[in-house]
Amino acid sequence: MIAVFQGKAEFGPRSLGNRSILANPTNPKSREILNVKIKNRPLFQPFCPTILAEERERLFKNSFDHKFMATAFRLDKKFYKLLPAITHIDGTARPQFIDKNDNESFWKVLKHLKKINGFGVVINTSFNLHGRAMVRCPEDAILDFLACKIDILYINGLKVTRKSTNY
């Protein structure tokens, strides 16, 4: 799991990657890890993906361009097992489709992921822990990072990791 703090804060129905916790959509354990070890909320709660706009028609049937993770679309069945962490029990997902003009740095992350695993898709949830406000400043980002089991934190491109306890 990776947390990202970059650029200007966002507001509205869903963010576009400036204050986000990102997870692997191909890992069937991602939802469990996010809910139990990071967000501290019920196990069943689903997460939404951010997806390259160019992937929309390949992954979803009868979808339209949508930026806010507020509409559920049916994922093509052949991707259920390939993208288990974004697939709800009914075969839908609530994606956020982005292109280069929406958030170029986040778009670049998705393009890189597509080269690695064949999908320009990532789970994208708000960078805050259960019961806490959204991360507003680098200090908030560090406090939330230290309070949970996020693996890596990027603050404006600077990589923050935990000190190794191996002696």
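The values are calculated or read from the model by the stated rules, or taken from the named source; none is laboratory data. No experiment lies behind these values; they were computed from the predicted model shown. Cβ atoms come from the backbone with ideal geometry, glycine included; neighbour counts cover every protein chain shown.
The sole residue among Phe106, Phe97 that is under 23 Å from Gly118 (Cβ atoms), of a type outside the set (Ser, Thr, Tyr) and assigned to a helix (DSSP H, G or I) is Phe106.
Selection over segment 1-24 of residues that are of a type in the set (A, V, I, L, M) and modelled with pLDDT under 80 gives a count of 1. In this entry, Phe68 passes the filter for residues that are assigned to a loop (DSSP other than H, G, I, E, B) and under 17 Å from the mean Cα position of the chain (by Cα).
Pairs linking a residue in segment 64-81 that is surrounded by fewer than 17 Cβ atoms within 10 Å (Cβ to Cβ) to a residue that is of a type in the set (Ser, Thr, Tyr) and in a loop (DSSP other than H, G, I, E, B), with Cβ atoms under 9 Å and 6 or more positions apart or on different chains, are Phe64/Thr71; Thr71/Ser63; Arg74/Ser63; Tyr80/Thr87; Lys81/Thr87. Residues that are of a type in the set (Phe, Trp, Tyr) and surrounded by fewer than 23 Cβ atoms within 10 Å (Cβ to Cβ) within segment 107-142 comprise Trp107, Phe119, listed in sequence order.
Sub-6 Å Cβ pairs linking a first residue in segment 136-161 that is aliphatic (A, V, I, L, M) to a second residue that is surrounded by fewer than 16 Cβ atoms within 10 Å (Cβ to Cβ), at least 6 apart or interchain, are Ile152/Thr161; Ile155/Pro138, ordered by first then second residue. Restricting the first member to segment 99-125 and to residues that are within 16 Å of Ile2 (Cβ to Cβ) and without any contact (Cβ under 8 Å) to a residue 24 or more places away in the chain, and the second to residues that are of a type in the set (A, V, I, L, M) and surrounded by 14 or more Cβ atoms within 10 Å (Cβ to Cβ), the beta-carbon pairs closer than 8 Å and six or more apart or on different chains are Leu113/Val121; Leu113/Val122.
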